[in-house]
Amino acid sequence: MEMQKKKVFILGSTGSIGVSTLDVIRLHQNSFEIVGLTANRNVGLLLKQVAEFNPKYVVVREESLADKVSANLPKGTILLTGEEGLTTATRVANYDILVSALVGFAGLKPTIEGIKRGKRIALANKETLVVAGEIITNLAKEYNSEILPVDSEHSAIFQCLAGEREKEIEKLILTASGGPFFRKSKDELKNVSVAEALKHPNWEMGSKVTIDSATMMNKGLEMIEAHWLFNLPPNKIDVTIHPQSIVHSMVEFVDGSIKAQLSSPDMRLPIQYALTYPERMQNSFTNTKLTEIESLTFHKPNFTKFECLQLAFDVLEIGGTAPCVLNAANEIAVERFLNNEIAFTAIPELIKDALKNVEIKSEVNLETIIECDSLTRKYFKV
Ligand code: NDP
């Protein structure tokens with residue numbers, strides 16, 4: 001009897017995670033099939049993906065590009081557009097797994113659609129948990145939806161926790177590469193260029209998460225993500241700099257034992273695990289040669305040099321919509337830095353400015369979150 005293929009919908013198929021997910025699917029064609037693909041503006045790549053994977057649903061976020069796409073779609077493919085198109089497609093398409101790999105706040109609403117249908121969510125879009133962690137985790141429980149982490153650190157922790165008891169966790173240890181500026185002084189950070197900030201030592205990723213890695217906001221967002229995924233307070237989540245990016249994260253237990261997950265850095269491994277869990281499948285892309293790695297080192301993070309990391313701990317302490325303000329201000333600041341409008345060191349300044357001036361509400365629901373995101377953008381005239 002032929003095995004039933006799992007149906008996969010990828011939000012953000014033209015991005016770094018989306019492309020890696022399609023690599024995994026290509027390798028396991030007997031186990032998975034694609035039913036939905038989406039892009040913002042990169043319709044050239046989207047159309048190539050459509051020709052190869054023949055999805056039922058295609059969404060183009062940028063409505064002005066819709067005609068270009070519709071003229072080139074195979075018969076029977078359904079094209080939807082805009083923000084509304086993303087939520088409609090995730091609400092109606094027939095899939096088993098939703099790969100949530102849009103970047104930023106845009107991922108929130110379509111991810112919720114998948115959760116409300118009780119689907120498995122392979123979650124890369126960490127911003128969703130940063131802005132609405134409580135809402136998302138409650139909805140996942142209510143609708144019996146499994147949220148499996150794609151972020152390599154959270155996948156590592158998830159793997160370390162297999163067979164363990166929650167009450168016996170002493171702490172989570174999130175590893176961070178330290179980014180391209182780990183060895184630069186705070187003063188030197190003032191003049192770093194966009195090109196330098198985009199040169200990540202170990203990972204090739206989309207531009208937003210690469211800049212987040214350089215400021216270490218990425219680790220701050222991941223700390224908040226871990227807090228919600230694993231139900232632990234921030235004082236039980238440590239950050240350790242590990243420049244080799246071989247140990248993807250660790251869990252320390254009450255008896256002092258520490259478990260770690262190791263592999264060469266390749267996002268296709270955690271993506272595959274989120275798709276195949278609880279099974280593991282062979283692949284051709286993980287090839288960790290421990291004897292060729294000279295050493296594995298661990299260092300304390302510098303919270304004064306990398307203020308964004310501190311700010312992430314601060315907003316979790318403040319609670320309410322504060323993480324949402326931080327997230328929106330960070331998205332705006334990163335975009336301005338990428339457009340050469342502000343200096344690298346202005347990124348935490350913009351975030352502090354927003355946290356001081358945008359109203360923070362203690363009540364968290366979908367309305368207050370959406371309002372808070374738009375108020376923060378209005379504050380910066382976006
Ligand atoms: P990319 O920038 O490479 O891709 C983002 C995807 O989302 C693209 O398909 C893009 O379309 C689409 N998109 C961008 N903006 C919008 C929008 N406003 N509305 C709808 N679609 C949009 O990002 P990554 O793949 O690097 O990252 C995706 C998520 O995964 C992020 O949350 C990131 O933090 C997280 N992550 C990424 C890792 C990585 O290795 N890249 C590692 C761990 C987590 P288009 O191509 O047309 O612009």
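The values are calculated or read from the model by the stated rules, or taken from the named source; none is laboratory data. Note that the structure is a prediction, hence the values are computed from the model and not measured. Positions of Cβ are generated from backbone atoms using ideal geometry, with glycine treated the same way; all protein chains shown enter the neighbour counts.
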Selection from segment 139-182 of residues assigned to a loop (DSSP other than H, G, I, E, B), of a type outside the set (D, E) and buried (at least 23 other Cβ atoms within 10 Å of the Cβ) yields V150, G178, G179
Take F298 and decide whether it is touching a helix residue (DSSP H, G or I) at 6+ places or on another chain (Cβ under 7 Å) and at pLDDT 95 or above. no
Per the list (1) under 20 Å from the mean Cα position of the chain (by Cα); (2) buried (at least 16 other Cβ atoms within 10 Å of the Cβ), residue check on L65 breaks on (1)
All conditions in (1) crowded, with 16+ Cβ neighbours inside 10 Å; (2) under 21 Å from the mean Cα position of the chain (by Cα); (3) away from the ligand (no atom under 12 Å from the Cβ) are true of K116 except (1)
Residue in segment 15-32 that is over 17 Å from A274 (Cβ atoms), more than 11 Å from the ligand (Cβ to nearest atom), surrounded by fewer than 17 Cβ atoms within 10 Å (Cβ to Cβ) and more than 17 Å from the chain's Cα centre (by Cα) present:
yes
Note: among T137, T90, just one is more than 25 Å from L326 (Cβ to Cβ) and at pLDDT 95 or above, namely T90
Among residues of segment 202-222 being outside any loop (DSSP other than H, G, I, E, B) and acidic (D, E), the residue farthest from the ligand (Cβ to nearest atom) is E222
